[in-house]
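As structure tokens, the structure follows; a few thoughts come after it.
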Amino acid sequence: SRKIIIDTDPGVDDALAIVMAANSPELNVLGLTTVFGNVSVEQATTNALILSEFAGYDIPVYKGEAVPVTRTPAPYADFVHGDDGFGNINWPESDKQAQTQHAVDFIIEQVRKYPGEVTLVPLGPLTNIARVLEKAPDVAALVKEVVLMGGAARHCGNVSPVAEANIMGDPHAADKVFTANWPVVMIGLDVTSQVLLKHDDMQKIAQLNPKQGEFLRQASDFYIDFYQQTLGIAGCMVHDPSTIAYILDPSLFEVEQGRIRVVTDGLAIGQTTFAPDDRKFPYPGWDNLPLQKVCMKVRAQALLDLVTGRLSA
Ligand code: BDR
Ligand code: CA
């Protein structure tokens, strides 16, 4: 089975992604590493421990970075995910404890232990991942793939007209991750905005799989209501679980290759700028950058079926 490390700021859609991964026999989740984002890194760690309890096997949790590498922190997304990150349901804390090793050190250790085998799955701001590159540059050549949720190549942003939340959370870190010499797959709003999960879907999941599904149904109520009430959209967008869907079945997506940079200051801060592979630009800043993959289109119903199927099992 494929080894993955999920770097996460849970978060309701993070919870859906983690339970989906845990329920997928094709995957071996080596650990959950936490980062600030939707909530503080302390709350993210508390939440990751709760999610680790819902997995059918022991998934250790490692606490990571609390603030971005350079910029001042953006506000937490309590208006989207609730104060507790799980839609204000105040789910009881797990008795499990986080490991003492730092998230960044755990990632470095595992990638060196299994060269060419570990896929990193970042679902929050990219601070931990950029720290890995800083601290252990050799790791870039040893990672199998980085499949991340974040950015928007042609779609508009969700926290500014051009910026998606995870990239805005740490734009400097994101620029480092996209321009490093390792294979990145960007799963951003271009595809995640095309797939909507509704209250009815969560109701069905809770009926078929009460053990995990009742928690997920309760946690997602507030999140789905946010999309309906604030954005007028009939369901929540399936952001973070789309990374797991990609790993399980990349044929669901239409992928383009190109170079990606992130704007790190000014009005367009947090924008992911995509330069298609076949275009040459005379202006500096785009030479000698690695070609990365960006998901531009998705078979939405098939992705939704895959997500709900794994959550119902
Ligand atoms: C991303 O931001 C967070 O609120 C979600 O968990 C997801 O990772 C979507 O922009
Ligand atoms: Ca997230």
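Within the range 1-25, restricting attention to residues that are of a type in the set (Gly, Ala, Ser) and more than 13 Å from residue 86 (Cα to Cα), which residue is nearest to ligand 1 (Cβ to nearest atom)? Walk me through how you get there before you give the answer.
As a first pass, look at the range 1-25 and keep what is of a type in the set (Gly, Ala, Ser): 1, 11, 15, 17, 21-22, 24.
Adding the requirement that they be more than 13 Å from residue 86 (Cα to Cα) leaves 1, 17, 21-22, 24.
Values: 1: 24, 17: 8, 21: 14, 22: 17, 24: 19 Å.
Per the criteria, the residue is 17.
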Legend entry - Matching residues in the range 186-237 - criterion: being among the acidic types (Asp, Glu) and free of Cβ contacts under 8 Å to residues at least 12 places away in the same chain: 200, 214, 225
Legend entry - Candidates 202, 237 - the one that is under 17 Å from the mean Cα position of the chain (by Cα) and modelled with pLDDT of 95 or more: 237
Inset, instruction - Specify which of the listed residues (147, 132, 104) is under 20 Å from residue 15 (Cβ atoms) and hydrophobic (A, V, I, L, M, F, W, C). - result: 147
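Which residues, counting only those in the range 153-178, are of a type in the set (Asp, Glu) and either in contact with a Pro (Cβ under 8 Å, 6 or more places away or on another chain) or farther than 17 Å from residue 296 by Cα (or both)? Explain how you work it out, then say what you get.
So the first thing to find is which residues in the range 153-178 are of a type in the set (Asp, Glu), and the list is 164, 170, 175.
Result: 170, 175.
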Legend entry - Where a residue in the range 19-42 is over 17 Å from residue 173 (Cβ atoms) and part of a strand (DSSP E or B) and its partner, wherever it lies, is within 14 Å of ligand 1 (Cβ to nearest atom) and of a type in the set (S, T, N, Q), with Cβ under 9 Å and at least six apart: 32/8
Inset, instruction - Could you grab me the full set of residues in the range 52-80 that are over 18 Å from residue 262 (Cβ atoms), in a loop (DSSP other than H, G, I, E, B) and in contact (Cβ under 8 Å) with a residue 60 or more places away in the chain? - result: 64, 77
Inset, instruction - Evaluate the range 67-78: report whether one residue or more is within 16 Å of ligand 2 (Cβ to nearest atom), surrounded by 24 or more Cβ atoms within 10 Å (Cβ to Cβ) and within 16 Å of the chain's Cα centre (by Cα). - result: no
Legend entry - Residue identified as touching a helix residue (DSSP H, G or I) at 6+ places or on another chain (Cβ under 7 Å), more than 17 Å from residue 223 (Cβ to Cβ) and modelled with pLDDT of 95 or more among 74, 15, 48, 21: 21
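If I filter the range 122-129 for residues that are more than 16 Å from ligand 1 (Cβ to nearest atom) and either touching a strand residue (DSSP E or B) at 6+ places or on another chain (Cβ under 7 Å) or on the phi < 0 side of the Ramachandran plot (or both), do I get at least one hit?
Checking the range 122-129: not a single residue is more than 16 Å from ligand 1 (Cβ to nearest atom) and either touching a strand residue (DSSP E or B) at 6+ places or on another chain (Cβ under 7 Å) or on the phi < 0 side of the Ramachandran plot (or both).
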Inset, instruction - Filter the helices (runs of 4 or more DSSP H) completely within the range 153-245 down to those with at least 3 residues that are within 13 Å of ligand 1 (Cβ to nearest atom). - result: 165-169, 189-192, 210-231
Legend entry - Only listed residue being modelled with pLDDT under 95, buried (at least 16 other Cβ atoms within 10 Å of the Cβ) and either closer than 16 Å to residue 181 by Cα or of a type in the set (A, V, I, L, M) (or both), chosen from 304, 289, 311: 289
Legend entry - Number of positions in the range 30-40 that are over 16 Å from residue 80 (Cβ atoms), buried (at least 24 other Cβ atoms within 10 Å of the Cβ) and among the hydrophobic types (A, V, I, L, M, F, W, C): 2
Legend entry - Residues satisfying the stated conditions in the range 1-43, i.e. in contact with a Gly (Cβ under 8 Å, 6 or more places away or on another chain) and more than 15 Å from ligand 2 (Cβ to nearest atom): 22, 23
Inset, instruction - State all residues of the range 143-152 that are assigned to a loop (DSSP other than H, G, I, E, B) and either at pLDDT below 95 or within 21 Å of residue 77 (Cα to Cα) (or both); if no residue qualifies, say none. - result: 150, 151, 152
Legend entry - Residue match in the range 258-274 (condition: hydroxyl-bearing (Ser, Thr, Tyr), in a helix (DSSP H, G or I) and under 18 Å from the mean Cα position of the chain (by Cα)): no
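The values are calculated or read from the model by the stated rules, or taken from the named source; none is laboratory data. Bear in mind that the values here come from a model prediction, so they are computed numbers and not experimental data. When we count neighbours, we look across all protein chains shown, and the Cβ atoms used for this are built from the backbone with ideal geometry, even at glycine.
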